[in-house]
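No value in this document is a laboratory result; all are computed from the given coordinates. Bear in mind that the values here come from a model prediction, so they are computed numbers and not experimental data. Note: ideal-geometry Cβ built from the backbone for every residue, glycine included; neighbour counts use all protein chains shown.
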């Protein structure tokens, strides 16, 4: 496998190492390092996990993840995100980062195009290039005034070769929320370009401290089957070290994701 020269060591891990050293010397009061909540994993989660291990629930499970967990996530998606889903449309992964990587590996083919936006999570470009080295990457800048989607640039950039548009809301690192008018344009573009998928990274969903809720694109029924929703438990429940993420997609995409996942990590 040829590793692109554009793939470098993790910037966030380098930054975190420096931050930890400064913390030891009492030099940091506000950390802008790794996206970790300030609180600990809730005790009821730890106690339930401990009980499950004592009850012998430590063996291989379904490659898509434990059915009961996928069932509860399906309920959550409907209750909190207005996304209609079924347990067999959900895959549990080793963190949301793995969910995104598996999604990109399943969707992108050689010579496809992918669009993502800057500023963004530093790992997006490496994940894209690891999923398919022979891919045309278009990095578009967010609007310089309010960091919203630059819809005019997006409309000019998307075409029949565009396979994926990758978005992240609430945005990392800016914190902006997806606007209804932005989603309306994304819907129109997806309806026009039938080969394109919208991949929505929503891992920061619950780290939202204003009164405006972020909208999940998959809640729009006209494009629901063309949206892959990425999420997990790291940020919402301070479970960054637990590595539990998930994705929701149509069954065709899920079947491709499972073909990759079962060979990489066997059973989840």
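A few comments on the model shown:
- Comparing 201, 40, 55 in a Gaussian network model of the chain (Cα springs below 10 Å), the most mobile by mean-square fluctuation is 55.
- Directionally averaged projected area (convex hull, Cα atoms, region 96-199), nm²: 6.1 nm²
- DSSP-defined antiparallel bridges as percent of all bridges, the chain, nearest 5: 30 percent
- Gain in span if fully extended, residue 225 to residue 188, counting 0.36 nm per residue against the direct Cα distance: 11.9 nm
- Per-residue Cβ neighbour rank within 10 angstrom, fewest leading, 239, 105, 53: 53, 105, 239
- Modelled label positions at residue 80 and residue 251, each set 7 Å beyond Cα in the direction of Cβ, lie 2.7 nm from each other.
- Structure-based [θ]222 nm, the chain - -39500 (n - 2.57) summed over DSSP H runs of at least 4, per residue, nearest 500: -11000 deg cm²/dmol
- Ranked list, fewest to most other Cβ atoms within 10 Å of each Cβ, for 121, 246: 121, 246
- For region 20-166, the Stokes-Einstein estimate of translational diffusion at 25 °C and a viscosity of 0.890 mPa s comes to 128 µm²/s, using the Kirkwood hydrodynamic radius over alpha-carbon pairs.
- A crude spin-label estimate for the pair residue 212 and residue 262, with each label 7 Å from Cα along the Cβ direction, gives 4.4 nm.
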